[in-house]
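The values are calculated or read from the model by the stated rules, or taken from the named source; none is laboratory data. What you see is a predicted model; the values in this text were computed from it and never measured. Positions of Cβ are backbone-derived with ideal geometry, glycine not excepted, and every protein chain shown enters the neighbour counts.
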Amino acid sequence: MSSFVQSAKIRRLFTTKSGLAFAKIKAMDKKLDFSRGLSQTSAFGQVEWAAVRTLLLALEYRDAATYHHSLRVAELATRAGHTLGLSLHVLEELNLAGLMHDIGKIGLPDSVLQKAGKLSKNERGLVTLHPELSAKILAPLPRFDRIREIIVQHHERYDGTGYPEGRFDDEILIESRILAVSDAFDALCTQRPYRDPLTAEEAMGWIESEIGRQFCPVSAQAVLQVVETQMSEGEKPGGNSKLELDSFSQRGNLSEYANYILLNT
């Protein structure tokens, strides 16, 4: 077991892109029984992690709001996956899919990506291409086959009315179903130029109303359980977007990366 897992109070120093130290991670004393297997090495190597870091950096410069959204969604989805007892390897893939699920948006024109108001029908049509664009961007990474599938399916709906393929029920990967709920929760709670954000309670109510239609009941309940637990403990609901590039760019070890996401909130 790594020293990261063994220590009850872990302090790590992260740096800003200018190289200056900006924070110490608070002591981690959460009662999360993640898994005894956290010391195993990641299924992904330095090449994959370097690619993720580079792509996220590109996304941050292209659209900072989407970058931070991706971090929050990855965190919330990972917690929900843990609640459902997914394996370490599946959780890692879910993490990476969350981080990369909107990377295809860097291929959208500024007139769509940066538009202040509501999108037209044609513009919405362009946006619906982003899951497949994301998969194409990740195509050079052979170990990301499953991650690409998760991303392509994250806008499918439980009742079959989603895109791009109109999959329904368990035709949709469980990771994609979790990602869909996490994505929606964060989007609802985020300020938009054309609407105010919902409160966590309002967003939870809307998600509950869509169970069986847009959302898988099991996945929705897992995400809602995570949010309810956070609220009961006085934490900010959802993902907290504390993860920075330098906190994982040099790591290929799930025991460090997943613990940071799961415990540091």
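Summary table
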| quantity | calculated |
| --- | --- |
| Any hit, segment 234-251, residues being modelled with pLDDT of 95 or more, touching a helix residue (DSSP H, G or I) at 6+ places or on another chain (Cβ under 8 Å), surrounded by 19 or more Cβ atoms within 10 Å (Cβ to Cβ) and not acidic (D, E) | no |
| Members of segment 132-160 that are without any contact (Cβ under 8 Å) to a residue 40 or more places away in the chain and part of a helix (DSSP H, G or I) | E132, L133, S134, A135, K136, P142, D145, R148, E149, V152 |
| Filter result (in a loop (DSSP other than H, G, I, E, B) and exposed (fewer than 14 other Cβ atoms within 10 Å of the Cβ)) within segment 96-110 | P109 |
| Any hit, segment 91-110, residues being more than 16 Å from T66 (Cα to Cα) and of a type in the set (K, R) | no |
| Flag for L113 being over 24 Å from Q46 (Cα atoms), surrounded by fewer than 23 Cβ atoms within 10 Å (Cβ to Cβ) and among the hydrophobic types (A, V, I, L, M, F, W, C) | yes |
| Segment 161-209: number of residues that are without any contact (Cβ under 8 Å) to a residue 12 or more places away in the chain and under 27 Å from K236 (Cα atoms) | 10 |
| Residue count, segment 47-95 (criterion: surrounded by fewer than 17 Cβ atoms within 10 Å (Cβ to Cβ) and under 12 Å from D186 (Cβ atoms)) | 1 |
| Index of the failed condition, I211 passing every other in (1) at pLDDT 85 or above; (2) of a type in the set (A, V, I, L, M, F, W, C); (3) farther than 21 Å from G85 by Cα | (3) |
| Those residues of segment 206-225 which are under 26 Å from L119 (Cβ atoms) and either surrounded by 13 or more Cβ atoms within 10 Å (Cβ to Cβ) or in contact with a strand residue (DSSP E or B) (Cβ under 6 Å, 6 or more places away or on another chain) (or both), in sequence order | W206, I207, E210, Q214, F215, A220, V223 |
| Yes/no for S176 being surrounded by 15 or more Cβ atoms within 10 Å (Cβ to Cβ) and not acidic (D, E) | yes |
| Residue match in segment 146-153 (condition: surrounded by fewer than 22 Cβ atoms within 10 Å (Cβ to Cβ), closer than 22 Å to L84 by Cβ and among the acidic types (D, E)) | yes |
| Residues of segment 116-128 classified as free of Cβ contacts under 8 Å to residues at least 40 places away in the same chain and over 19 Å from the mean Cα position of the chain (by Cα), total | 8 |
